[in-house]
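For reference, the structure is listed below as structure tokens.
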């Protein structure tokens, strides 16, 4: 699926991945998190290769937070338990301590008041913010966002984008696959345009999103911007 | 009516009932444990891993329990494994139960969206943590009713063990019929005995189902409905 995809992400950088559906954005993010096996090439996180045993992949995943298009909150747990679960199970944090930390994570995305709500009682935007808090609770060195606002009603997109923007402001290293061009432009240090599993164009947003050189980028921006 | 005569033989029936209960408990306990493990293995990505367990499940689901009991009791001695009647019945019922439970567990697991697995792994959970804390709890609503109706038929199907001569409720009942010549009364007592075992099981299950529905669905919604006057609930 992916071919000729090569780039570096410096610490604290925000990279936006754009491209039409099926361009390989999600596949790339899933490869980085070890959810999708890949046949050739290397991915390094903090210098450690993403490959090898389940145990090794598990170690790497603790360092990388992932936020999914469809939130994937655990429906049988409250927001607080969703956030506190991995620190207790994976980091062996005492439950009380993990729940206190979880509450401050929920507070960070503005949802401390919803700690005891179940996912079904939350709006899509709130669910996605809980999902962000859940990933943050593992104290990751980088965050991956797989189209975090694509499944949301338009009026809920803003609150999720604001939560992501505040992470960027705090210096979190992030890779964001998105169709929201304006958002990408406002938040990313680098924009990577993908098509058919390859990188078409990459560079700072002012360059790639304002005066793209590649005809496919130009076509993509025309369709996406007219759609907004 | 002759019930008094029959009930004088209650100790005989009670001995049979105890064997029925023992066989049911062993079949449900052992079979559920096997079924859980095999069910998890049936969701393994590798076809090679799945193949032997798939073969086991298909064999025991695709042949009559009666024949399985005969084969275990009669054919195993040819391979040097001679089992007494009770262990043979237990082995047969445990294997039979394991195959059905495995299939119920597998279908429950596969009904949980794959996003749940990905979310769990992305947080660094291991396989067993993922299953125990994320996936299996979500299968409960799917699995509990299916297991319950299987367990209920299983308890009644233990009567098939009478075919290899196990002294369970039916076998002992037939002895009482021979002694009293009152088949109608004996079978009424036997029916009542099965009912007394099965009915609490089905009540327990509907309680579990109600509880998991209340927990999983919109809790505020459920409580709001409860606070409404009865007439407005549509349950008058």
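The values are calculated or read from the model by the stated rules, or taken from the named source; none is laboratory data. Since the model is a prediction, treat every value here as computed from it, not as a measurement. Here the Cβ positions follow ideal geometry from the backbone for every residue, glycine too, while neighbour counts run over all protein chains shown.
Considering (1) within 14 Å of chain B (Cβ to nearest Cβ); (2) surrounded by 15 or more Cβ atoms within 10 Å (Cβ to Cβ); (3) in contact with a strand residue (DSSP E or B) (Cβ under 9 Å, 6 or more places away or on another chain), the lone condition that residue A:61 does not fulfil carries the number (3). The set of residues in segment A:103-145 that are at the interface with chain B (Cβ under 10 Å from one of its Cβ atoms) and not in a helix (DSSP H, G or I) comprises A:116, A:117, A:118, A:137, A:138, A:140, A:144.
Considering B:99, B:88, B:55, which residue is over 28 Å from residue B:201 (Cα atoms) and either touching a helix residue (DSSP H, G or I) at 6+ places or on another chain (Cβ under 6 Å) or assigned to a helix (DSSP H, G or I) (or both)? Before you say what the answer is, go through the steps one by one.
Values: B:99 fails: over 28 Å from residue B:201 (Cα atoms); B:88 fails: over 28 Å from residue B:201 (Cα atoms).
Going through B:99, B:88, B:55 in turn, just one is over 28 Å from residue B:201 (Cα atoms) and either touching a helix residue (DSSP H, G or I) at 6+ places or on another chain (Cβ under 6 Å) or assigned to a helix (DSSP H, G or I) (or both): B:55.
Does residue A:30 satisfy the condition of being more than 11 Å from every other protein chain (Cβ to nearest Cβ), outside any loop (DSSP other than H, G, I, E, B), under 17 Å from the mean Cα position of the chain (by Cα) and touching a residue at least 12 places away in the same chain (Cβ under 8 Å)? No: the conditions fail for residue A:30.
Given the structure, is residue A:188 in contact with a helix residue (DSSP H, G or I) (Cβ under 6 Å, 6 or more places away or on another chain) and either in contact (Cβ under 8 Å) with a residue 24 or more places away in the chain or closer than 28 Å to residue A:4 by Cβ (or both)?
So residue A:188 fits the description; yes.
Report yes if some residue within segment A:176-187 is in a strand (DSSP E or B) and surrounded by 14 or more Cβ atoms within 10 Å (Cβ to Cβ); otherwise report no. Checked against the condition, which is being in a strand (DSSP E or B) and surrounded by 14 or more Cβ atoms within 10 Å (Cβ to Cβ), segment A:176-187 yields at least one hit.
Residue count for segment B:183-207, restricted to those that are surrounded by 14 or more Cβ atoms within 10 Å (Cβ to Cβ) and within 16 Å of residue B:169 (Cα to Cα): 11.
Does residue A:100 satisfy the condition of being assigned to a helix (DSSP H, G or I), out of contact with any helix residue (DSSP H, G or I) (no Cβ under 8 Å at 6 or more places or on another chain) and within 13 Å of chain B (Cβ to nearest Cβ)? Criteria not met by residue A:100. None of B:115, B:120 is modelled with pLDDT of 90 or more, surrounded by 20 or more Cβ atoms within 10 Å (Cβ to Cβ) and within 14 Å of another protein chain (Cβ to nearest Cβ) except B:120. Residues considered: B:67, B:38, B:57. Of these, the only one that is away from chain A (no Cβ under 14 Å), closer than 30 Å to residue B:163 by Cα and touching a residue at least 60 places away in the same chain (Cβ under 8 Å) is B:38.
Considering B:67, B:101, B:57, B:6, the condition of being crowded, with 16+ Cβ neighbours inside 10 Å and under 30 Å from residue B:186 (Cβ atoms) is satisfied by B:6 alone. If I filter segment A:64-78 for residues that are more than 11 Å from every other protein chain (Cβ to nearest Cβ) and either part of a loop (DSSP other than H, G, I, E, B) or within 23 Å of residue A:128 (Cβ to Cβ) (or both), do I get at least one hit? Scanning segment A:64-78 turns up no residue that is more than 11 Å from every other protein chain (Cβ to nearest Cβ) and either part of a loop (DSSP other than H, G, I, E, B) or within 23 Å of residue A:128 (Cβ to Cβ) (or both).
Taking the condition of being in a helix (DSSP H, G or I) and more than 18 Å from residue B:104 (Cα to Cα), how many residues in segment B:32-52 meet it?
Initially, segment B:32-52 is screened for residues in a helix (DSSP H, G or I), giving B:32-42, B:47-52.
Of the ones still in play, those that are also more than 18 Å from residue B:104 (Cα to Cα) are B:47-49.
Qualifying residue count, segment B:32-52: 3.
One residue is enough: does segment A:40-55 have a residue meeting the conditions within 10 Å of chain B (Cβ to nearest Cβ), over 18 Å from residue A:146 (Cα atoms), in a helix (DSSP H, G or I) and modelled with pLDDT under 85? Yes; the residues of segment A:40-55 include at least one that is within 10 Å of chain B (Cβ to nearest Cβ), over 18 Å from residue A:146 (Cα atoms), in a helix (DSSP H, G or I) and modelled with pLDDT under 85.
Name the residues in segment A:79-94 that are within 13 Å of chain B (Cβ to nearest Cβ), surrounded by fewer than 22 Cβ atoms within 10 Å (Cβ to Cβ) and touching a helix residue (DSSP H, G or I) at 6+ places or on another chain (Cβ under 9 Å), would you?
A:81, A:88, A:89, A:90, A:91, A:93 - these are the residues of segment A:79-94 that are within 13 Å of chain B (Cβ to nearest Cβ), surrounded by fewer than 22 Cβ atoms within 10 Å (Cβ to Cβ) and touching a helix residue (DSSP H, G or I) at 6+ places or on another chain (Cβ under 9 Å).
Filtered by the rule that a residue be at positive phi and modelled with pLDDT of 90 or more, segment A:169-202 gives a lone residue, A:171. Applying the set (1) within 14 Å of chain A (Cβ to nearest Cβ); (2) surrounded by fewer than 18 Cβ atoms within 10 Å (Cβ to Cβ) to residue B:134 leaves exactly one unmet item: (2). For residue B:217, the criteria (1) modelled with pLDDT of 90 or more; (2) surrounded by 12 or more Cβ atoms within 10 Å (Cβ to Cβ) hold in every case but one, which is (1). Just a yes or no: is a residue in segment A:116-128 within 12 Å of the chain's Cα centre (by Cα) and at pLDDT 95 or above? Checking segment A:116-128: at least one residue is within 12 Å of the chain's Cα centre (by Cα) and at pLDDT 95 or above.
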